[in-house]
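Comments concern the structure below.
The values are calculated or read from the model by the stated rules, or taken from the named source; none is laboratory data. Here the structure is a predicted model, which is why all the values come from computation and not from measurement. Here Cβ is always computed from backbone atoms with ideal geometry, including for glycine, and neighbour counts include all displayed protein chains. These area figures cover heavy atoms from the full protein model, side chains too; ligands, DNA and RNA do not enter into them. Shrake-Rupley method; radii C 1.70, N 1.55, O 1.52, S 1.80 Å.
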Amino acid sequence: MDLKSNHTPVLTDTAPVTKSRLGVHSSLLPYSHSGATFPHGMLLTIPRKKTGILEDVRSSGWLDAMKSSSPPPKKIKDLSHGFASSDADTTVYFNWLLKYPSALTSFDQIMNYAKGKRIALFMDYDGTLSPIVDNPDCAFMSDNMRAAVKKVAEYFPTAIISGRSRDKVYEFVGLTELYYAGSHGMDIIGPVRQSASDIHPNCIIRSTDKQGKEVNLFQPAAEFLPMINEVFKSLVECTKDIKGAKVEDNKFCASVHYRNVDEKSWDLVGQRVHDVLKGYPRLRLTHGRKVLEVRPVINWDKGKAVTFLLESLGLNNCDDVLPIYIGDDRTDEDAFKVLKEGNKGYGILVSSAPKDSNAIYSLRDPSEVMEFLKSLVLWKSCPLKSLI
Ligand SMILES: O=P(O)(O)OC[C@H]1O[C@H](O[C@H]2O[C@H](CO)[C@@H](O)[C@H](O)[C@H]2O)[C@H](O)[C@@H](O)[C@@H]1O
């Protein structure tokens, strides 16, 4: 990892999402793309959108990227209740489901592949375990969701990998049964394992968690902390006159929210953030859902965090392990990609709007995520089912 050189603020543009899913081991792919049938003539084309994670926000397209970063949720009618063929959005959504089948309707298929394997579960927080809300400080998880996550963590090694600071996401979730990675994977508390320390000798320190248990603390961007703190203050200062703008301290990232800013002022938000970043060539900018995220230029992302956690859990490169990653955000694409490219496991995209993804399956919203978690528990806790 090269922390010394003077990179430009935006590193690379990741390759666009692979056109086909032929790279995935056929046994990992859904047998059929959907159990549903569609009336003749309903196959519409979904416009391909670039889902590069590290988009070049210096280009003239950054305002467009800000605008498209979180389309308003669409109300999709449920198949079981029928849907009107004139409803173009619904039609496009169901066509999209052919490519990214629902993890609920494909549950038996997924479990068929999971037979004899140990599932490891990774989840994003915002938009996956809690619904997207206007105020980031109020993205609370429901008690039912908390119970479902707690239960699933009793049966499977489970981790949350969030863009939030690790402390903040722990505050929201409040469960000690899980592993937590904050700052898009740049701040991980994982189990103690020598091999992880051997691979990343300079980034791991032995520590104790809130329960006094010995853990490995992995912070590959530790040396950026003073710089990020400085930038955080500048961002707060330079956006304070923009009504609705909010800067969130995510420890190794600073996030500038514009969800509550009048759309006419979005370019102003973008401009101010870019101006600050000009002085920091070792920081870069990425887009989230109505949020601009400033982070260190290091070769680390949620995909690498998944690999790190699998390694720490002694589950990496094991044929009998099936990692499942559930997430809704662009940053989750890195994790989907790692699972897909290594034929390792399944990415499940949480989205009610069609979009291109490296995930294999989809779920519509956090309530479907909860249903999926409950199904996992039922599958595991029902011995008869596990024997089949
Ligand atoms: O990786 P995640 O756990 O999904 O975190 C990504 C960002 O999520 C939060 O922002 C998003 O959710 C907010 C609450 O629903 C919403 O108000 C905001 O518009 C979304 O962008 C969080 O506040 C960010 O710091 C995270 O980076």
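List pairs: first residue in segment 155-168 and farther than 17 Å from residue 252 by Cα and acidic (Asp, Glu), second residue within 8 Å of the ligand (Cβ to nearest atom) and open to solvent by less than 10 Å² (accessible area, probe 1.4 Å) anywhere in the structure, Cβ distance under 9 angstrom, at least six positions apart or on different chains.
Taking only residues 6 or more apart or on different chains, not a single pair turns up.
Report, by residue number, each residue of segment 264-303 that is more than 16 Å from the ligand (Cβ to nearest atom) and under 12 Å from residue 185 (Cβ atoms). If you could, list the steps in order and put the result at the bottom.
Here is the first cut: in segment 264-303, the residues more than 16 Å from the ligand (Cβ to nearest atom) are 264, 267-268, 271-272, 274-282, 297-299.
298, 299 - these are the residues of segment 264-303 that are more than 16 Å from the ligand (Cβ to nearest atom) and under 12 Å from residue 185 (Cβ atoms).
Would you confirm, using the coordinates I've provided, whether residue 322 is at pLDDT 95 or above, farther than 27 Å from residue 290 by Cβ, touching a strand residue (DSSP E or B) at 6+ places or on another chain (Cβ under 7 Å) and of a type outside the set (Phe, Trp, Tyr)?
Details: at pLDDT 95 or above: yes; farther than 27 Å from residue 290 by Cβ: yes; touching a strand residue (DSSP E or B) at 6+ places or on another chain (Cβ under 7 Å): yes; of a type outside the set (Phe, Trp, Tyr): yes.
Taking the combined requirement at face value, the residue satisfies it.
Quick one: which of 216, 260 is touching a residue at least 40 places away in the same chain (Cβ under 8 Å), surrounded by 15 or more Cβ atoms within 10 Å (Cβ to Cβ) and either closer than 30 Å to residue 154 by Cα or touching a strand residue (DSSP E or B) at 6+ places or on another chain (Cβ under 8 Å) (or both)?
Residue meeting the stated conditions: 216.
I need the full set of residues from segment 146-201 which are at pLDDT 95 or above, in a helix (DSSP H, G or I) and away from the ligand (no atom under 16 Å from the Cβ), in order please.
Residues satisfying the conditions are 147, 148, 150, 151, 152, 153, 154, 155.
Please go through (1) open to solvent by less than 70 Å² (accessible area, probe 1.4 Å); (2) at pLDDT 95 or above; (3) away from the ligand (no atom under 15 Å from the Cβ) for residue 226 and return the number of the only condition it doesn't satisfy.
If we test residue 226 against (1) open to solvent by less than 70 Å² (accessible area, probe 1.4 Å); (2) at pLDDT 95 or above; (3) away from the ligand (no atom under 15 Å from the Cβ), just (1) comes out false.
Any idea which residue in segment 237-295 is farthest from the chain's Cα centre (by Cα), counting only those that are of a type in the set (Gly, Ala, Ser), at pLDDT 95 or above and under 19 Å from residue 332 (Cα atoms)? Before you say what the answer is, go through the steps one by one.
At the first step, the residues of segment 237-295 found to be of a type in the set (Gly, Ala, Ser) are 244-245, 254-255, 265, 270, 279, 288.
Keeping just the survivors that are at pLDDT 95 or above gives 244-245, 254-255, 265, 270.
Restricting the remaining residues to those that are under 19 Å from residue 332 (Cα atoms) gives 254-255.
Details: 254: 17, 255: 15 Å.
Restricting to residues being of a type in the set (Gly, Ala, Ser), at pLDDT 95 or above and under 19 Å from residue 332 (Cα atoms), the top hit is 254.
Need the failing condition index for residue 306 against (1) closer than 21 Å to residue 198 by Cβ; (2) away from the ligand (no atom under 16 Å from the Cβ), just the number.
It fails just one condition, (2).
Tell me which residues, restricted to segment 263-276, are open to solvent by 10 Å² or more (accessible area, probe 1.4 Å) and touching a residue at least 12 places away in the same chain (Cβ under 8 Å). Before you say what the answer is, go through the steps one by one.
Of all residues in segment 263-276, those open to solvent by 10 Å² or more (accessible area, probe 1.4 Å) come to 263-268, 271-272, 274-276.
Selection gives 263, 265, 266, 267, 268, 272, 274, 275, 276.
Checking residue 252 against (1) open to solvent by 10 Å² or more (accessible area, probe 1.4 Å); (2) outside any strand (DSSP E or B), which test does it fail?
In the conditions (1) open to solvent by 10 Å² or more (accessible area, probe 1.4 Å); (2) outside any strand (DSSP E or B), residue 252 misses (1) alone.
With respect to residue 192, determine if the residue is touching a residue at least 12 places away in the same chain (Cβ under 8 Å) and crowded, with 22+ Cβ neighbours inside 10 Å.
Answer is no for this residue.
For residue 136, are the conditions met, namely being modelled with pLDDT of 90 or more and open to solvent by less than 70 Å² (accessible area, probe 1.4 Å)?
Details: modelled with pLDDT of 90 or more: yes; open to solvent by less than 70 Å² (accessible area, probe 1.4 Å): yes.
Criteria met by residue 136.
When you scan segment 332-354, how many residues do you find that are within 14 Å of the chain's Cα centre (by Cα) and either within 15 Å of the ligand (Cβ to nearest atom) or open to solvent by less than 10 Å² (accessible area, probe 1.4 Å) (or both)? Write out each step before concluding.
Going through segment 332-354, the residues within 14 Å of the chain's Cα centre (by Cα) turn out to be 332-339, 346-351.
Retained after the next criterion (residues that are either within 15 Å of the ligand (Cβ to nearest atom) or open to solvent by less than 10 Å² (accessible area, probe 1.4 Å) (or both)): 332-336, 339, 346-351.
The number of residues fulfilling the criteria is 12.
Given (1) over 27 Å from residue 192 (Cα atoms); (2) within 16 Å of the ligand (Cβ to nearest atom); (3) open to solvent by less than 30 Å² (accessible area, probe 1.4 Å), where does residue 367 come up short, assuming only one miss?
All conditions pass for residue 367, except number (3).
Of all residues in segment 298-320, how many are more than 17 Å from the chain's Cα centre (by Cα), aliphatic (A, V, I, L, M) and either on the phi > 0 side of the Ramachandran plot or open to solvent by less than 10 Å² (accessible area, probe 1.4 Å) (or both)?
1
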